[in-house]
Amino acid sequence: MSIGQELPQLLKQRLFYQGRKFNFDVATLRLPNGSEGEWECIRHPGGALAVPVTPEGKLVLVRQYRFATKGRILEFPAGTVEINENPAETIKREIEEETGYRAGKWQKLGQFFLAPGYSDEIIYAFLARDLEKLEQPPAQDDDEDIETVLFTPEELEKAILAGEPIDAKSISSFFLARPFLSLV
């Protein structure tokens, strides 16, 4: 992507791992300030995330088991952008699969780097409104262990401030969506 780009000079590159969702490489670079060194990077196609809001003003989140954290964390529905897919298409598919809701109204909230110290992944955040519960939601992926939960914006903010296990992309997107949410 082009946000924040100021390309270093690539001196040497080697790929350590090519995975299903991302690649990992090590490159010898000359940075814009002239410094040279070897850096590792996770190359990721990006992710799309929705902050879904019910007509009653509740936020739809998922409590999902994540192997890397060895536990369940609270997240907004999200997914990896597939090859030749627009992030808006990605999240429309993912919200249905993960929550069983379909949104009638979409608004782009913004985009941001997830972990720029070691990854080029960009998250594309959207506000999803006019939700309707699907009678027959699409099947979840085999590796997904997800429970849909509803929170008021106030309840979610309290959970964030209390240190509940919530991922960074969800916290960031919640604060991008706050101006559009009804807070008491």
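With labels modelled as points extended 7 Å from the Cα through the Cβ direction, what inter-label distance (nm, one decimal) is found for Glu155 paired with Ala139?
3.1
I'd like the antiparallel share, as a percent to the nearest 5, of DSSP beta bridges with both residues in the chain.
85
Per the 1.4 Å probe, what fraction of the accessible area of the chain, in percent, lies on carbon and sulfur atoms?
Carbon-and-sulfur percentage of accessible area, whole number: 50.
Quick one, can you get me the convex hull of the C-alpha atoms of region 88-166 expressed as volume per residue in Å³?
Cα convex hull per residue, to the nearest whole number: 145 Å³.
Tell me the GluC sites (Glu not before Pro) within region 83-184 that lie in a loop according to DSSP and have at most 16 other beta-carbon atoms within 10 Å.
Taking region 83-184 and a limit of 16 other Cβ atoms within 10 Å, the loop GluC sites (Glu not before Pro) found are Glu85, Glu135, Glu144.
Could you give the C-alpha radius of gyration of region 121-184 expressed as a fraction of 2.2 N^0.38 Å, taking N as the number of residues it contains?
In units of the globular-protein estimate, region 121-184 measures up at 1.30.
Rounded, prolate or oblate: pick one for the chain, where a ≥ b ≥ c are the square roots of the eigenvalues of its C-alpha gyration tensor, a/c under 1.5 means rounded, and failing that, prolate if a/b is larger than b/c, else oblate.
prolate
Give the lysines whose C-alpha is closer than 20 Å to that of Lys133, dropping any in the same chain fewer than 8 places away, or say none.
Those lysines meeting the cut-off are Lys58, Lys92, Lys105.
Using only Cα atoms, find the angle between the long axis of helix 87-99 and the longest principal axis of the chain, and express it within 0 to 90 degrees, rounded to the nearest 10.
So the helix axis and the longest Cα principal axis differ by about 50 degrees.
Above 13 angstrom, tally the Cα pairs of region 16-75 and express them as a % of all pairs, no decimals.
77
Under a 1.4 Å probe, what is the accessible area of the chain per residue, stated in Å²?
59
Under the rule of -39500 (n - 2.57) per DSSP H run of 4 or more residues, summed and divided by the residues of the chain, what mean residue ellipticity at 222 nm is obtained, to the nearest 500 deg cm²/dmol?
Mean residue ellipticity, 222 nm, calculated: -5000 deg cm²/dmol.
The values are calculated or read from the model by the stated rules, or taken from the named source; none is laboratory data. Quick caveat, the model's predicted, so the values are computed rather than measured. Glycine gets a Cβ as well: all are built from the backbone with ideal geometry, and neighbour counts include every protein chain shown. Protein only, heavy atoms only, side chains kept; ligands, DNA and RNA dropped before computing areas. Shrake-Rupley method; radii C 1.70, N 1.55, O 1.52, S 1.80 Å.
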